[in-house]
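*Asks:* Below you will find the structure I want to go over with you.
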Amino acid sequence: MAKKKNTFVTSVVFPLLAALIWGTAFTAQSVCADHLPPFWVNAIRSFIAAAILLGMCAFMLRGKETGSRRDLIRYSLLSGVSLFVASNLQQMGITYGTDSGKAGFITALYAVLVPVAELFFHKKVGLRVWIAIVVALAGLYFLCISGGFSVQGSDMYILGAAIAFVFQILSLNAGAQKVNALALSCGQFAVTGILSLAGALLSEGVSAVSGIGGCLPQLLYIAVFSSCIAYTLQVFSLRDGNPTLVSLLYCLESVFAVVSGALLLGERLSGREIAGCALMLAGVVLSQIPDRKKDKVDKE
């Protein structure tokens, strides 16, 4: 019997690193939003990420098998279109009035929607994982929502983004089983960049890009770290990990955002925020406890 592959790094460490990057990059994204409209932000960051990843593919994958070209194109289109819809709807929701805390909470609903979607593919989710999801979402509510929760028009953009992220996650999970993860990440950003550029030219105009000078360092930061590095880590994590469990780890983005604000900016955490962080961590830890019955079957 072949030795079982250890996927702890890719399925646990990589999602944690991605969540850390996304959580600490919020300030840079906010600055970009003040100078550039949504489509231009996502077009530029996606093209920069695609260019870097293309160079890495040319250097690291030369002469190596990357899977069929047909599958690469197929899953690049599926994940790229989904990411295009998700990232731009999310940015529009924030631009039109949804505060960042509520946006983070609504977006994180994909942690519930992913296992629901997997049911359609006859993939069962255990009771312990459902409990972990509920605990984590309760923590996210305490962390992100300070007052009452009322629904406004811009929130629908964020909900649409959450649904689109579900399709992106499941597309990457399926595609990474068939093609090289690095090549898939490059293809995803090429598609997202092209579609975002088309949206920018059609709805925002060329003149809107003139504001890039006011946010160039921040734009480069989110292009290299949030897009190129974090989203590529996402592809590798979804190649080796369970989409439901990996999605829960991504939700820690909000925890990292709050903690980084406290450590780097001297912001004080309220009791509600501390309770939210504790509940989220408890939910994530619960979801990662090995299933002894499953492990026993695997060993046999």
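*Asks:* Here is a list of conditions, (1) more than 22 Å from the chain's Cα centre (by Cα); (2) over 30 Å from Ile289 (Cβ atoms), and Leu263 meets all of them except one; can you say which number that is?
*Replies:* For Leu263, the failing item is (2).
*Asks:* State whether the residues of region 161-183 include one that is closer than 23 Å to Cys32 by Cα and surrounded by fewer than 17 Cβ atoms within 10 Å (Cβ to Cβ). Break it down stepwise before answering.
*Replies:* First, pick out the residues of region 161-183 that are closer than 23 Å to Cys32 by Cα: 161-162, 164-165.
Cutting the leftovers down to surrounded by fewer than 17 Cβ atoms within 10 Å (Cβ to Cβ) gives us none.
No: zero hits.
*Asks:* Have a look at Gly276, Gly271 and point out the one that is in contact with a Gly (Cβ under 7 Å, 6 or more places away or on another chain) and either under 21 Å from Ala138 (Cβ atoms) or crowded, with 21+ Cβ neighbours inside 10 Å (or both).
*Replies:* Working: Gly271 fails: in contact with a Gly (Cβ under 7 Å, 6 or more places away or on another chain).
Exactly one of Gly276, Gly271 is in contact with a Gly (Cβ under 7 Å, 6 or more places away or on another chain) and either under 21 Å from Ala138 (Cβ atoms) or crowded, with 21+ Cβ neighbours inside 10 Å (or both), namely Gly276.
*Asks:* Which residues, counting only those in region 53-70, are of a type outside the set (S, T, N, Q) and assigned to a loop (DSSP other than H, G, I, E, B)? Spell out the reasoning first.
*Replies:* Within region 53-70, the first condition is being of a type outside the set (S, T, N, Q), and the residues that meet it are 53-65, 67, 69-70.
Listed by number, the residues that qualify are Leu61, Arg62, Gly63, Lys64, Glu65, Gly67.
*Asks:* Another question, if that's okay. Just checking, which of Leu195, Leu252, Leu219, Leu263 is over 16 Å from Asn42 (Cβ atoms) and either surrounded by 15 or more Cβ atoms within 10 Å (Cβ to Cβ) or in contact with a Leu (Cβ under 9 Å, 6 or more places away or on another chain) (or both)?
*Replies:* Details: Leu195 fails: over 16 Å from Asn42 (Cβ atoms); Leu219 fails: over 16 Å from Asn42 (Cβ atoms); Leu263 fails: either surrounded by 15 or more Cβ atoms within 10 Å (Cβ to Cβ) or in contact with a Leu (Cβ under 9 Å, 6 or more places away or on another chain) (or both).
None of the others qualify; the one that does is Leu252.
*Asks:* Still on this structure: Looking at (1) assigned to a helix (DSSP H, G or I); (2) of a type in the set (A, V, I, L, M); (3) in contact (Cβ under 8 Å) with a residue 40 or more places away in the chain, which one does Val179 not meet, given that it meets all the others?
*Replies:* Looking at each condition in turn, Val179 falls short on (1).
*Asks:* Let me ask something else about it. Where residues in region 127-138 are touching a helix residue (DSSP H, G or I) at 6+ places or on another chain (Cβ under 9 Å) and surrounded by fewer than 19 Cβ atoms within 10 Å (Cβ to Cβ), which of them is modelled with the lowest pLDDT?
*Replies:* Let us first name the residues in region 127-138 that are touching a helix residue (DSSP H, G or I) at 6+ places or on another chain (Cβ under 9 Å), namely 128-138.
Okay, now just the ones that are also surrounded by fewer than 19 Cβ atoms within 10 Å (Cβ to Cβ), so 128, 130-131, 134, 138.
Numbers: Arg128: 78, Trp130: 82, Ile131: 85, Val134: 85, Ala138: 84.
Ranking the qualifying residues of region 127-138, first place goes to Arg128.
*Asks:* Considering every residue within region 207-222, establish whether at least one is within 18 Å of the chain's Cα centre (by Cα), under 13 Å from Gly23 (Cβ atoms), assigned to a helix (DSSP H, G or I) and modelled with pLDDT under 85.
*Replies:* Scanning region 207-222, I find no residue that is within 18 Å of the chain's Cα centre (by Cα), under 13 Å from Gly23 (Cβ atoms), assigned to a helix (DSSP H, G or I) and modelled with pLDDT under 85, so the answer is no.
*Asks:* Name, by its number, the condition in (1) crowded, with 24+ Cβ neighbours inside 10 Å; (2) among the small types (Gly, Ala, Ser); (3) free of Cβ contacts under 8 Å to residues at least 60 places away in the same chain that does not hold for Ala51.
*Replies:* All conditions pass for Ala51, except number (1).
*Asks:* So, Thr244, is that one assigned to a helix (DSSP H, G or I), buried (at least 23 other Cβ atoms within 10 Å of the Cβ) and either aliphatic (A, V, I, L, M) or modelled with pLDDT of 90 or more (or both) or not?
*Replies:* Numbers: assigned to a helix (DSSP H, G or I): yes; buried (at least 23 other Cβ atoms within 10 Å of the Cβ): yes; either aliphatic (A, V, I, L, M) or modelled with pLDDT of 90 or more (or both): no.
The answer is no for Thr244.
*Asks:* Which members of region 260-278 meet the condition of being acidic (Asp, Glu) and at pLDDT 70 or above?
*Replies:* In the first step, residues of region 260-278 are kept if they are acidic (Asp, Glu); the result is 267, 273.
Listed by number, the list holds a single entry, Glu273.
*Asks:* Can you find a residue that is outside any helix (DSSP H, G or I) and either touching a helix residue (DSSP H, G or I) at 6+ places or on another chain (Cβ under 9 Å) or surrounded by fewer than 21 Cβ atoms within 10 Å (Cβ to Cβ) (or both) anywhere in region 23-30? So that I can check it myself, show each step before the final result.
*Replies:* Of the residues in region 23-30, the ones outside any helix (DSSP H, G or I) are 25.
If we keep only those that are either touching a helix residue (DSSP H, G or I) at 6+ places or on another chain (Cβ under 9 Å) or surrounded by fewer than 21 Cβ atoms within 10 Å (Cβ to Cβ) (or both) too, we end up with 25.
Yes, because at least one residue in region 23-30 is outside any helix (DSSP H, G or I) and either touching a helix residue (DSSP H, G or I) at 6+ places or on another chain (Cβ under 9 Å) or surrounded by fewer than 21 Cβ atoms within 10 Å (Cβ to Cβ) (or both).
The values are calculated or read from the model by the stated rules, or taken from the named source; none is laboratory data. Just so we're clear, the structure is a prediction, and the values are computed from it rather than from any experiment. Note: ideal-geometry Cβ built from the backbone for every residue, glycine included; neighbour counts use all protein chains shown.
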